[in-house]
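Scroll down for the structure; my scribbles are underneath it.
Quick note: the coordinates plus some simple rules give every number you see, no bench work behind them. In this text the structure is predicted, and so the values were computed from the model without any measurement. Neighbour counts are summed over all protein chains in view; Cβ atoms, including those assigned to glycine, are modelled from backbone coordinates with ideal geometry.
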Amino acid sequence: MASNVEGGIHKKNHRNLAIKEMYENGIPASIKLAQAIIESGNGNSRLAREANNHFGVKCHGWNGDIINIDDDVLQECFRKYSDVEQSYRDHSLFLISRPRYSQLFELETTDYAGWANGLKQAGYATNPRYAEILIKLLKILNSISTMFLKAKYWHLESKLKSL
């Protein structure tokens, strides 16, 4: 899993993509970012670097470019994208178009634990701790965001006092 600082960097770089997808497709931005950090090794995995695939989406039903990488099996087929935005978009379409994920869209976008557990129950990942890892990362990212907001507030407050 990505370190706290690295996760913050990935989050900052792709935040707008995740927010756009949340408003267009109902997938929580926090879940999408956490999945991208985990699945892509914070954008450093071979799959992310060479195929712009930040979610580990495999080739099932895919007619586009592919890349073969050792994963659960040797030389497994993964989708290859022209850019990161296409990866974020296709991840949304992947979840929307598969009935096994339909129950997720009944949840609020603020219910990150429900989404994390639902993704695991629907078989998104093979790691039995996937939901737990997502939730833990989301809590870390939330703590970092809170810390930065407090620091910005403290800085602003100190500037106002000096006026």
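Based on the Stokes-Einstein relation at 10 °C and a viscosity of 1.306 mPa s, and on the Kirkwood radius from alpha carbon pairs, region 8-149 is assigned a translational diffusion coefficient of 104 µm²/s.
Footprinting exposure proxy ranking of D111, D90, D72, fewest other C-beta atoms within 10 angstrom first, gives D72, D111, D90. Going from the residue with the fewest nearby Cβ atoms within 10 Å to the one with the most, W62, W115 rank W62, W115.
Remark on I66: its backbone amide H falls under 5 Å from those of K80, a criterion applied only to residues 5 or more positions apart or on other chains, H modelled at 1.01 Å from N. In percent, rounded to a whole number, the relative contact order of region 1-142 is 22, using alpha-carbon pairs under 8 Å and six or more apart.
For the pair region 44-80 / region 11-36, the C-alpha centres are spaced 20 Å from each other.
Calculate the translational D of region 73-115 in whole µm² s⁻¹ from Stokes-Einstein, where the hydrodynamic radius comes from the Kirkwood formula applied to all Cα pairs, the temperature is 4 °C and the viscosity 1.567 mPa s. It comes out at roughly 104 µm²/s.
Placing a pseudo-label 7 Å from each Cα along the Cα-to-Cβ vector at L93 and A113 gives an inter-label distance of 3.5 nm.
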